[in-house]
Amino acid sequence: MIDREEIHRVLKTFNSCVPLFIALSDEARQKLILDIAEAGKGGINVTNLSAKSHLSRPAISHHLKVLKDSSLIKPLKIGTQIFYQLNLSENFEILTALITSYNSLIIKINEADQQAKSDESPDQNKE
């Protein structure tokens, strides 16, 4: 049987990933992530991102805020400019925890199903 407490923990882990899923669900943000990745460790500023995109600077700034709020990117201020860099390690840890939690839950569900099948008597299967 699945422990309600464990289901609650899995749901809590899933809920902690929601901002990440929301941030990754938009194609414009996916493109920005790839552009930021392509820029490397030094990052890229809004001016250079807008040169690579059909989006306006305010639209890019909005998407960058969503990405920053979900911790997918981090700002780096150099002089008067802000450069954006990828910040994936924290998010990979959250996703790994989610996958591990769901995997554990699936294993327990399968074990419970197997136990239920083995508990059935041959007479019950004939009816």
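A short reminder: the numbers here are calculations on the coordinates, not readings from a lab. Owing to the predicted nature of the structure, the values given are computational and were not obtained by experimental measurement. Using ideal geometry, Cβ is built from the backbone for each residue, glycine included, and neighbour counts are taken over all protein chains shown.
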#### Entry: Residue tally, condition surrounded by fewer than 18 Cβ atoms within 10 Å (Cβ to Cβ) and not acidic (D, E), over the range 21-38
9
### Task
Please give the number of the condition N87 fails out of (1) touching an Asp or Glu at 6+ places or on another chain (Cβ under 9 Å); (2) crowded, with 16+ Cβ neighbours inside 10 Å.
(1)
### Query
Do any helices (runs of 4 or more DSSP H) lying entirely in the range 1-97 carry at least 1 residues that are aliphatic (A, V, I, L, M), within 30 Å of N110 (Cβ to Cβ) and touching a residue at least 24 places away in the same chain (Cβ under 8 Å), and which ones are they?
4-24
### Task
Scan the range 9-20 residue by residue and report those that are among the polar types (S, T, N, Q) and buried (at least 16 other Cβ atoms within 10 Å of the Cβ).
T13
